[in-house]
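**Q** Below is one structure. I have some questions about it.
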């Protein structure tokens, strides 16, 4: 069963356009979980342009009270990020190599260059009880994530999504499947995310051996404008083969 974690960054982005507190990030999380989502993802950035520190803390309280819900906090392990996850201790930390000014995450880690820096940080997070996933491109060398101590990788799926939109997904699906097999052979769990949507999700999941979790935000929240949030979550669960 592939788990669905809903990224709530775009809910926070809309909320931040005004100063009246709507839409509520915690209410959106409650709605997603009631509809069957397995977890909640947030990606706080240093400028707090969408998810804010207070959101991270309030969601931690909410999900702790729910029990059994995955909480995934993404981000570059800058000091502010590390301070926050040490305080919250989510289920999973997904470490992403995006710069503070990046519009969105657009590449995975270069572990030849960054592995030595990441290794002690990963060890600390794991010692505090958090699973660690590294945001990675689907390319040779993905097994290095195990060498630096990670539990999982999250495959950066924008190249697949772009190929699917062009009507040419086959080569990218094989490339991603090969990366997933290499990661699993090294003892890593495999997650995926970025630009996955209702149109391309089913084919991706069918092609990925042993996929554990997808994290989806932008497309799901966009679909919620047409379908409603609960219905959008259920539509993604159907795309995952979880609902009829």
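Where a number appears in this text, it was derived from the coordinates with a stated rule and is not lab data. Remember, predicted model here, so these are calculated numbers, not experimental data. Here the Cβ is made from the backbone with ideal geometry for all residues, glycine too, and neighbour counts use every protein chain on show.
**Q** Let me make sure I get this right: for the chain, a, b and c are the square roots of the gyration tensor eigenvalues over alpha carbons, sorted descending. Under 1.5 in a/c it's rounded, otherwise prolate if a/b > b/c, else oblate. Which is it?
**A** Details: a/c = 1.57, a/b = 1.09, b/c = 1.44.
Oblate, because a/c is 1.5 or more while a/b does not exceed b/c.
**Q** Let me have the relative contact order for the chain, percent, based on Cα pairs under 8 Å that are six or more residues apart.
**A** Over the chain, the number comes to 20 percent.
**Q** Subtracting the Cα-Cα distance from 0.36 nm times the residue separation, let me have the gained length for residue 123 to residue 242 in nm, one decimal. Display every interim value, and only then the final one.
**A** Numbers: separation 119, 0.36 × 119 = 42.84 nm, distance 3.42 nm.
That pair, residue 123 and residue 242, stretches by 39.4 nm at full extension.
**Q** Rounded if a/c is under 1.5, else prolate if a/b beats b/c, else oblate: with a ≥ b ≥ c from the C-alpha gyration tensor eigenvalues square-rooted, which is segment 28-145? If you can, show how the numbers build up before the last one.
**A** Working: a/c = 1.67, a/b = 1.58, b/c = 1.06.
Note, shape of segment 28-145 comes out prolate.
**Q** Kindly put 173, 229, 196 in sequence by how many other C-beta atoms sit within 10 Å of each C-beta, fewest to most. Mind dumping the intermediate values first?
**A** Working: 173 18, 229 22, 196 25.
In increasing order of surrounding Cβ atoms, one gets 173, 229, 196.
**Q** Just to be sure I understand: with springs between alpha-carbon atoms less than 10 Å apart, which residue in 150, 140, 29 has the highest mean-square fluctuation in the Gaussian network model of the chain?
**A** 140
**Q** Please give the Cα centre distance for segment 16-55 versus segment 62-81, rounded to the nearest Å.
**A** What the calculation gives is 12 Å, centre to centre.
**Q** What is the antiparallel percent of DSSP beta bridges lying wholly in segment 3-239, to the nearest 5? All intermediate terms of the calculation are to be shown ahead of the outcome.
**A** Numbers: 0 of 32 bridges.
Counting DSSP beta bridges with both partners in segment 3-239, the antiparallel share is about 0 percent.
**Q** Let me ask another. Counting other beta carbons within 10 Å of each residue's own, what order do 205, 153, 56, 214 fall into, fewest first? Don't jump to the answer; show the numbers that get you there.
**A** Working: 205 16, 153 31, 56 20, 214 27.
Exposure proxy ranking, most exposed first: 205, 56, 214, 153.
**Q** What list do you get for 10, 112, 3 if you sort them by fewest beta carbons within 10 Å?
**A** Values: 10 19, 112 9, 3 16.
Going from sparsest to densest Cβ surroundings: 112, 3, 10.
**Q** Sticking with this structure for a sec: Return the calculated 222 nm mean residue ellipticity for the chain, to the nearest 500 deg cm²/dmol, obtained by summing -39500 (n - 2.57) across DSSP H runs with n ≥ 4 and dividing by the residue count. Mind dumping the intermediate values first?
**A** Working: 11 runs with 114 residues, N = 244.
Roughly -14000 deg cm²/dmol at 222 nm, from the helical runs in the chain.
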